[in-house]
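Heads up: the structure comes next, in structure tokens.
Every number here is computed from the coordinates shown, using simple stated rules; none is lab data. Since the structure is predicted, the reported quantities are computational estimates derived from the model, not experimental observations. We place every Cβ from the backbone using ideal geometry, glycine too, and count neighbours over all the protein chains shown.
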Amino acid sequence: MSHPETALTPDTRGRGLAAVIYVLYLGSIMAVITAPIGVVIAHIRRGRVPPMADSHLQFQIRTFWLGALGALVALAAWNLLGWVGAPSWASWTLGYGFFTACLVWTIARCGVGIQRLMSSRPVDNPRSLLFGGATVSLDD
């Protein structure tokens, strides 16, 4: 027999795991090795947690692989600029621009994910390129 109050309580199993992975991703700003550790954990646990936490794991996995793909594209462009003899300032501008954009994108995705996780809400669209279907605004 189930109790009515437990039927209204969201299933929060896996929430701590998702929080740890968000922290590992944010920690990769200082120590790059923490992001690959986080994505390995997310891959191992995906499908073994409730749907709310699973949406966060899928969002985290996508965050890692999209960031890695973007880094490869930027690295290829950086090398191409050097190969064609572009001035060094062009390569440095590309590098700093990409790094800054990637940093902002990663922090924003983690911030949106953590906010939803702490509210026991799933990521609406974990396969999105931006913020999981969240509307980001500066309003209270």
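Calculated from the alpha-carbon coordinates, the range 12-118 shows an Rg and a Dmax of 16.2, 55 Å respectively.
Counting only other residues whose beta carbon sits under 11 Å from that of Leu66, what net charge do I get with K and R as +1, D and E as -1? It works out to a net charge of +3.
A simple spin-label model places pseudo-atoms 7 Å from Cα toward Cβ; at Val40 and Asn79 they are separated by 2.5 nm.
Here the residues His56, His43, ranked from fewest to most Cβ neighbours within 10 Å of their Cβ, fall in the order His43, His56.
Electrostatic tally near Arg109: other residues with Cβ closer than 14 Å to its Cβ, Lys and Arg +1, Asp and Glu -1, net +2.
Sorted fewest first by neighbouring Cβ atoms within 10 angstrom, Arg116, Arg13 come out as Arg13, Arg116.
Per-residue ellipticity at 222 nm from helix content only, as computed over the chain with -39500 (n - 2.57) for each DSSP H run of at least four residues, stands at -23000 deg cm²/dmol. Each residue of the range 29-40 was assigned a 3J(HN,Hα) from its phi angle through the Karplus curve 6.51 cos²θ - 1.76 cosθ + 1.60 (θ = phi - 60°); the sequence is 5, 9, 9, 4, 5, 6, 5, x, 5, x, 5, 5 Hz, with glycine and proline shown as x.
Cut-off 15 Å, label point 7 angstrom out along Cα-to-Cβ of Ile29: give me the residues of the range 70-109 whose amide nitrogen falls inside. Taking a point 7 Å out along Cα→Cβ of Ile29, the residues of the range 70-109 whose backbone N falls under 15 Å are 99-109.
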